[in-house]
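Novice: Can you read through this structure? Questions will come right after.
The values are calculated or read from the model by the stated rules, or taken from the named source; none is laboratory data. Bear in mind the structure is a predicted one, so any value in this text is a computation, not a measurement. No Cβ is skipped: glycine too gets one built from the backbone with ideal geometry, and neighbour counts run over all protein chains shown. Only protein heavy atoms, including side chains, enter the accessible area calculation; ligands, DNA and RNA are left aside. Shrake-Rupley method; radii C 1.70, N 1.55, O 1.52, S 1.80 Å.
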Amino acid sequence: MAVQDIMPTWVGATAKQIARGVRRGDVSATQVVADHLDHVARADAELAAFRAVRGGEAVTEAEKVDEQEDLANLPLAGVPVAVKENTAVAGLPTWNGSAAVRTPVAEADHEVVRRLRGAGAVILGVTRMPELGLWGVTDDETGVTRNPWDLGRTPGGSSGGSAAAVAAGLVPIAHANDGLGSIRIPAACCGLVGLKPGRGVVPCQLGADDWFGLTEHGVLTTTVADAAVGFQVLAGRPQEKLVPPQRLRVGVSLRSPVRGVSPDAPNRDAVAAAGRLLAAAGHDTVPADPVYPTALGLQGIATWFAAAAADVRAAGLDRRILQRRSRRHVAFGEWAERRGYVRDADRAAWRERSIGFFADHSVDLLLTPALATVPPEATSWSARSWRANMLANIRYAPYAAPWNIAGLPALVVPVGRRPDGLPVAVQLVGPPGSELLLLGVAGQFEMQAPWTRHAPGYPRVGTGSPAAA
């Protein structure tokens with residue numbers, strides 16, 4: 001690949017740098033968007049991060065930002081943003097991961113898209129995901145989305161296109177959503193910051209019932225500051241500066257929620273490195289293992305199945321049009337519903353138990369691995385068997401799902417690289433309402449051990465760039 005930097009350029013700048021430059025008049029939103037559209041045109045052919053790019057429409061929207069007289073209250077003024085393709089963007093179909101489940105052109109934006117636009121963001125396009133958002137890998141019959149850090153590896157899923165776009169600098173910030181790990185898994189695969197807010201903090205309104213209330217909207221970014229801005233925009237909150245938290249007590253656990261699946265050495269080492277960063281920031285760490293009951297795993301899998309069945313039924317789809325793996329998944333979901341395996345009481349019990357964990361162990365947060373092993377290969381998983389997809393997903397990404405079932409906020413933050421050069425990350429989990437606390441701790445990690453913001457070979461901010469000023 002020959003991705004060349006063009007100087008001066010705003011490709012590689014953070015969302016905060018861009019918004020500040022647009023507000024000050026250092027650059028126009030139109031120029032920023034043009035820079036990013038050019039980069040997308042050159043780089044996305046091999047990544048397949050975008051399903052659709054809104055070239056002319058994005059330029060027109062950027063011009064409207066430039067025409068506004070007062071930009072002072074726009075935290076994302078002129079910032080190019082990508083939206084995951086299961087979330088309505090006016091004027092575009094909502095693909096939901098494949099042509100088979102695509103819905104007609106949306107007449108109005110989803111609420112989270114409306115909030116992004118209201119903050120001054122320009123929607124550059126929509127990013128790819130696996131069919132119905134079911135998998136931790138991203139592909140369909142039209143393309144395989146690839147990890148910019150290693151084109152032979154997946155960027156994760158289901159927000160894989162959003163993660164690939166941010167990691168390659170195609171956009172500084174991308175919308176994502178997370179039903180059983182779909183923000184945090186791609187963040188870990190691609191070396192990004194990914195926060196899943198707690199239940200009800202951001203309006204969801206996806207599919208039949210937000211996957212039984214498990215799904216939350218969020219953003220993927222290269223910096224903690226951008227993650228904080230994006231979270232507060234989506235949550236409809238005033239912009240609040242992150243404050244480094246005072247002394248915390250953080251529980252540390254390597255225990256896997258899935259029996260027989262354990263973290264490999266690089267992921268264990270990542271947790272140890274994060275523990276050292278916590279200590280250097282003045283926090284205390286103690287061993288504290290959540291007790292993941294067998295029933296939790298069964299409930300999580302049954303909910304995963306049943307959510308697919310509910311979404312297909314609500315959309316009036318014939319499951320025979322789905323990919324083979326999705327058809328099997330939906331069939332198991334219908335079976336789980338008939339047998340009564342998806343129970344509100346079970347999810348409520350795990351939520352209560354999870355909230356109690358922090359008091360029982362006298363800890364403020366929980367630290368775990370983000371992944372168990374290296375991301376799977378980037379290939380046509382949609383043509384493979386349901387069993388192959390299930391095993392690949394469960395073996396590499398078991399740590400995210402419990403916190404969707406509990407409805408607790410959880411964040412993934414990079415802490416280094418694996419021996420093969422891929423990023424490695426950890427997960428921080430907190431009690432209800434701890435989103436800014438999680439971001440504050442992640443900011444302390446970033447200050448002590450800054451990570452490489454973009455995959456090698458992709459544009460970064462250089463000394464000749466106005467964004468570096």
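Novice: Within the range 177-194, can you find the residues that are open to solvent by less than 10 Å² (accessible area, probe 1.4 Å) and not in a loop (DSSP other than H, G, I, E, B)?
Specialist: N177, D178, R184, P186, A187, A188, C189, C190, V193, G194
Novice: Return the residue satisfying two criteria in turn: it lies in the range 271-320 and is of a type in the set (D, E) and more than 30 Å from P245 (Cβ to Cβ), and of such residues it is modelled with the lowest pLDDT. Working first, answer last.
Specialist: First, the residues of the range 271-320 that are of a type in the set (D, E): 284, 289, 311, 318.
Imposing the further condition that a residue be more than 30 Å from P245 (Cβ to Cβ) reduces the set to 311, 318.
Working: D311: 97, D318: 94.
Only one residue fits best here, namely D318.
Novice: Determine whether the range 79-101 contains at least one residue that is polar (S, T, N, Q), open to solvent by 10 Å² or more (accessible area, probe 1.4 Å), within 23 Å of G136 (Cα to Cα) and in a strand (DSSP E or B).
Specialist: Here is the first cut: in the range 79-101, the ones polar (S, T, N, Q) are 86-87, 94, 96, 98.
Cutting the leftovers down to open to solvent by 10 Å² or more (accessible area, probe 1.4 Å) gives us 86, 94, 96.
Now narrow it down to the ones that are within 23 Å of G136 (Cα to Cα): 86, 94, 96.
Then keep just the ones that are in a strand (DSSP E or B); that gives 94.
Yes, the range 79-101 contains at least one residue that is polar (S, T, N, Q), open to solvent by 10 Å² or more (accessible area, probe 1.4 Å), within 23 Å of G136 (Cα to Cα) and in a strand (DSSP E or B).
Novice: Does any residue in the range 39-67 that is farther than 22 Å from R23 by Cβ come within less than 6 Å, Cβ to Cβ, of a residue that is aromatic (F, W, Y) and not in a helix (DSSP H, G or I) six or more places away or on a different chain, and which pairs are these?
Specialist: Matching pairs, first to second residue: D44/F50; R51/W95.
Novice: Being more than 18 Å from L220 (Cα to Cα), open to solvent by 10 Å² or more (accessible area, probe 1.4 Å) and of a type in the set (S, T, N, Q), is that true of even one residue in the range 138-152?
Specialist: Yes: one or more hits.
Novice: Which pairs turn up if I take residues in the range 180-206 that are at pLDDT below 95 and look for partners that are open to solvent by 10 Å² or more (accessible area, probe 1.4 Å) and among the polar types (S, T, N, Q) with beta carbon separation below 8 Å, at least 6 apart in sequence or on another chain?
Specialist: Filtered contacts from the range 180-206: no entries.
Novice: When V243 is evaluated against the numbered criteria (1) at pLDDT below 95; (2) crowded, with 21+ Cβ neighbours inside 10 Å, which criterion, by number, is the only one it fails?
Specialist: (2)
Novice: Within the range 419-430, identify whether any single residue is in contact with a Lys or Arg (Cβ under 8 Å, 6 or more places away or on another chain) and of a type in the set (A, V, I, L, M), and answer yes or no. If you could, list the steps in order and put the result at the bottom.
Specialist: If we filter the range 419-430 for residues that are in contact with a Lys or Arg (Cβ under 8 Å, 6 or more places away or on another chain), which is where we start, we get 422-424, 427.
From the residues that got through so far, the ones that are of a type in the set (A, V, I, L, M) too are 422, 424.
Yes, the range 419-430 contains at least one residue that is in contact with a Lys or Arg (Cβ under 8 Å, 6 or more places away or on another chain) and of a type in the set (A, V, I, L, M).
Novice: Also, quick follow-up: So, of the residues in the range 211-240 that are part of a loop (DSSP other than H, G, I, E, B) and either touching a strand residue (DSSP E or B) at 6+ places or on another chain (Cβ under 6 Å) or open to solvent by 30 Å² or more (accessible area, probe 1.4 Å) (or both), which turns out to be nearest to G133 (Cα to Cα)?
Specialist: Checked the range 211-240; the qualifying residue nearest to G133 (Cα to Cα) is T215.
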